[in-house]
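As structure tokens, the structure follows; a few thoughts come after it.
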Amino acid sequence: MNNKPIENIIELSNDLRWQIGDEFHDNLAEGIYADAAEIVKGSVHTAQQQKQFRLDAKIDKIITSKTLGFPLMFLILAVVLWLTIIGANYPSSMLANLLLDTLHPILKNLASGIGMPWWLDGFLIDGVYLALAWVIAVMLPPMAIFFPLFTLLEDFGYLPRVAFNLDYLFKKTGAHGKQALTMSMGFGCNAAGVVATRIIDSPRERLIAIITNNFSLCNGRWPTQILIATIFIGAVVPTSLSGLASVGAVIGIAILGIFFMFISSWALSKTVLKGEVSTFNLELPPYRPPRFWKTIYTSLIDRTLIVLWRAMVFAAPAGAVIWLISNINIADQSIAYWMISSLDSFGFLLGLNGVILVAYIVAIPANEIVIPTILMLTVLVTGITGGEGTGVMFELESVNETGDILRAGGWTLLTAVNLMLFSLLHNPCSTTIYTIYKETKSVKWTSVATLLPVIMGLIVTFLVAQIWRLVF
Amino acid sequence: MDNKVNSACEGCSQYNAKGLKKLGVNTDNIDFVVALAGNPNTGKSTVFNALTGLRQHTGNWPGKTVTRAEGAFEYGTQKYKLVDLPGTYSLLSTSQDEEIARNFILFGKPDVTVIMADACRLERNLNLVLQILEITDKAVLCLNLMDEAKRNNISIDERTLARDLGIPVVPTSARFNEGIPELIKTISEVANGNIICKPHRIKNVPENINKAVKKLSVEIEKEFPTIPNSRWIAFRLLEGDTHIIDALKTGELI
């Protein structure tokens, strides 16, 4: 191809650029604005009275005020969580009844009826089916409440205000103010939060947002937090206050996550990702009354079902693995037993135990199945009776029964607190890791994003365990 | 085109709205490609959903759409592919979402570009509108959120605006499906060449820049006689935009 004329054009443009000087960009921008002003003058008529704008401004004055902004934010978060926790209880137990107590025995009977060998029956029904059933029973109800509530807030126009409130803190840590938006998305799903970082122009600040997104407690981890808080934190206060105490503990963990996000953003921007904070314009859109039913419908279809589907895709093979490691024996003991006993002393150092660590290894694909795996492995090790047979994932009838099993497995308040901390501070799930790689195209930054939270989690749980044992 | 109008009804967009078939993600055998561009939070995804029957997530914050979504619809007997672009304030910036939008308008060569604008903030939105009109001469301005404009006592003379911009202007309230039939009809008329646009070109440019741009665009047109946006490319070359320089070298722009 003959590139000569094109080279000439580029050369000419270089010459001309020298002639017209530095102000070209500004002059052009001014020209565009002058044109826009002329056009608007000819065709837009604005009446003096602008009541709506004034109402919007009034709401903004309260929501983004220095004194009320933060308390209101936490209050809204608390209400959303409260509705999610309380509201999800009933449908959850109904689903558990249907899928685990009714359908599971029917499937078992059917399998033995057609003469299915015990290992195939165990692998498919006790492994794969139960993992799926558990994920649906535990995840669907809270998501079906949390996502629509979140979407309603989003449609109303609250999210940019959150960004506005937090902007000052982000600037102080050397990160981009729009990270508040991606952080909020992370509370739903970290993978979605990582994709949302595309709104951040500067590569440096975008990397910070990607690496720290995992500190937003995601949807797969809410149920773990809620269950453990209900069993152990709720139990140390009088019954009348136990609901409040558990919601408070969960919110405390979420806020701790935000705190860690700021700390690590700050550390990153002061060390490996040094640079100037870039300025940006953030439009506060007008408040729009959400179209209620439409929002509910689309958030159920788009967000809830898609996230649920993803969880199921990952849970099915994980269920199979759990069944396999607890049913394949080496030297008279199952693989799971050997894994647990080899990790037990390390777990003790962290105020956790071998069961929890094995559960986190097995559950890398999906955080949602951590709790059922822990229960199943605990039963296996302690040999207590309860739930189903060996290596079967199950859901116990009540929170009390779950608590009994865990206490029999040697759990204390420290184990519970550290499990909640570790659930906040550990590697992102495999989907998020893959998404981080796709967005950064860098093995280095993907590894940093994966390992940084685990290392922090190990340090934090270790310190808490040592101090706890000194004090109590 | 021998589309003879038999009665008043057939000429009306409301009647023809029945000819709309939402095709979802099926983008086979497409006759025209339509891009949806505009400032953030002006309702692009809402219009996208209304036309394709898809359910792209919508929200009330700038920066919600960060990827390109594609869908299709059929109107009359023709199939249209619709591309929902991330919102941008300008075509001069560097963030990834804005680059996706810019690259598609420049290199994707859509048959029609629908520019969404917030009727309450028209002056600010025109910054992008005027930039897009430098690139393409087949565009429709969709003046969305007319319901909010009305509530705020803002009235817009669409005819004057259309004359000044040189492209058709369609007022809509996409959230309530108002104006969508008119929008579809206008898109098809521009795509089929029934409406010829004479887009506004930026006028208030200082004389020394104007001279340089003219000199440069003459050279560009000499080399690429069919190029519709030599002036825009001249602007970008003067700015030293390496992306455009590369695109010129590889012939991607033609």
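Here the spin labels are modelled as points 7 Å beyond Cα on the Cα-Cβ line, and at A:D26 and A:W293 they lie 5.6 nm apart.
Averaged over its residues, segment B:70-128 has an accessible area of 27 Å² per residue, based on protein heavy atoms and a 1.4 Å probe.
The alpha carbon gyration tensor of segment B:62-200 gives principal lengths a ≥ b ≥ c with a/c below 1.5, which makes the shape rounded. For A:L425, A:L305, the ranking by accessible surface with the largest value first comes to A:L305, A:L425, using a 1.4 Å probe. Evaluating kT/(6 pi eta Rh) at 20 °C and 1.002 mPa s, with the Kirkwood radius of segment A:189-299 over Cα pairs in the Stokes-Einstein relation, gives 125 µm² s⁻¹. Dipole magnitude for chain B: computed about the Cα centre from +1 point charges on Lys and Arg Cβ and -1 point charges on Asp and Glu Cβ, it is near 240 debye.
Taking only complete DSSP H runs, can you tell me which helices of chain B stretch 18 Å or more along their own long axis by Cα positions and average at least 0.5 on the Kyte-Doolittle scale? Could the numbers behind the result be given before it?
Numbers: long enough: B:122-135 (20 Å, 0.73); B:207-223 (24 Å, -0.85).
Correct list, ordered by number: B:122-135.
Separation of segment A:91-131 and segment B:95-132 by C-alpha centroid, Å? Using only Cα atoms, the two centres lie 55 Å from each other. For chain A, the carbon plus sulfur part of the accessible surface works out to 68%, probe radius 1.4 Å. Among residues other than B:Y89 whose Cβ falls under 10 Å from its Cβ, what is the net charge (Lys/Arg +1, Asp/Glu -1)? Once positives and negatives cancel, what remains is -1. Buried between B and A is an accessible area of approximately 6100 Å², summed over both sides with a 1.4 Å probe.
For the protein assembly as shown, the share of DSSP beta bridges that are antiparallel, to the nearest 5, is 45%. Taken about its Cα centre, the protein assembly as shown carries a charge dipole of about 960 debye when Lys and Arg each add +1 at the Cβ and Asp and Glu each add -1 at the Cβ.
Is segment A:293-355 best put as rounded, prolate or oblate by its Cα gyration tensor, with a ≥ b ≥ c the root eigenvalues, rounded for a/c under 1.5, and otherwise prolate when a/b is larger than b/c, oblate when not?
Values: a/c = 7.24, a/b = 2.22, b/c = 3.26.
Since a/c reaches 1.5 but b/c is at least a/b, the shape of segment A:293-355 is classed as oblate.
Given the rule -39500 (n - 2.57) for each run of at least 4 DSSP H residues, summed and divided by the residues of chain A, what is its mean residue ellipticity at 222 nm, to the nearest 500 deg cm²/dmol? One gets -22500 deg cm²/dmol as the mean residue ellipticity at 222 nm.
Below 9 angstrom from the Cβ of B:T27, what's the summed charge of the other residues (Lys, Arg +1; Asp, Glu -1)? The partial results should precede the final answer.
Values: positive: B:K79, B:K81; negative: B:D28, B:E70.
That sum, taken over residues with Cβ under 9 Å, equals 0.
Inter-chain Cβ neighbour count for A:177-187, averaged per residue, equals 1 (cutoff 10 Å, partner chain atoms only). Distance between the C-alpha centres of segment A:264-328 and segment A:404-452: 15 Å, rounded to the whole angstrom.
What whole-number value in Å² describes the accessible area per residue of chain A for a 1.4 Å probe? Walk me through the numbers before you get to the answer.
Details: 21530 Å² over 472 residues.
Result: 46 Å² per residue.
Solvent-accessible area assigned to carbon and sulfur over segment B:133-254 amounts to 49 percent, based on a 1.4 Å probe. Here the 3J(HN,Hα) profile of segment A:26-31, calculated from phi with Karplus coefficients 6.51, -1.76 and 1.60 at θ = phi - 60°, is 5, 4, 5, 4, 4, x Hz, Gly and Pro shown as x.
Reported to the nearest whole Å, the Cα centre-to-centre distance from segment A:188-206 to segment A:355-375 is 27.
Here's the picture: charge each Lys and Arg Cβ at +1 and each Asp and Glu Cβ at -1 in the protein assembly as shown, and of B:V47, B:V34, A:S442 the one pushed furthest to the positive end of that dipole is B:V47. Pairs of Cα atoms nearer than 8 Å and 6+ residues apart set the relative contact order; for chain A it is 18 percent.
What shape does the protein assembly as shown have by the C-alpha gyration tensor, where a ≥ b ≥ c are the square roots of the eigenvalues, rounded means a/c under 1.5, and otherwise prolate means a/b greater than b/c and oblate the rest?
Values: a/c = 2.11, a/b = 1.90, b/c = 1.11.
Note, shape of the protein assembly as shown comes out prolate.
Ordering B:L106, B:L126, B:P206 by Cα displacement along the dipole of chain B toward the positive end leaves B:L126 in first place; charges were set at the Cβ atoms of Lys, Arg (+1) and Asp, Glu (-1). For the segment A:192-198, counting C-beta atoms of other chains within 10 Å of every residue's C-beta and taking the mean gives 3. Counting Lys and Arg as +1 and Asp and Glu as -1 over every other residue whose Cβ lies under 12 Å from the Cβ of A:S13, the net charge comes to -3. Placing pseudo-labels 7 Å out from each Cα toward the beta carbon at B:K198 and A:K172 gives an inter-label distance of 5.9 nm.
What is the total of Lys pairs in segment B:129-232 with C-alpha atoms under 16 Å apart, excluding same-chain pairs fewer than 8 positions apart?
Details: B:K138/B:K185; B:K138/B:K198; B:K203/B:K211; B:K203/B:K214; B:K214/B:K222.
Qualifying lysine pairs in segment B:129-232: 5.
A 1.4 Å probe, protein heavy atoms only, puts the accessible area of A:D15 near 80 Å². Once backbone amide H atoms are built at 1.01 Å from N, B:L23 has B:A72, B:F73, B:E74 as its partners under 5 Å, excluding neighbours fewer than 5 places away on the same chain. Take each residue of peptide B:148-160, count the partner chain Cβ atoms within 10 Å of its Cβ, and average: the result is 4.
P(r) for segment B:143-209: what percent of alpha-carbon pairs falls in each 10 Å bin, starting at zero? Reading the bins upward from 0: 19, 39, 28, 12, 2.
The values are calculated or read from the model by the stated rules, or taken from the named source; none is laboratory data. Bear in mind the structure is a predicted one, so any value in this text is a computation, not a measurement. Heads up, the Cβs are rebuilt from the backbone with ideal geometry, glycines too, and the neighbour counts pull from every protein chain shown. Side chains are part of the model used for accessible areas, which takes the heavy atoms of the whole protein and leaves out ligands, DNA and RNA. Shrake-Rupley method; radii C 1.70, N 1.55, O 1.52, S 1.80 Å.
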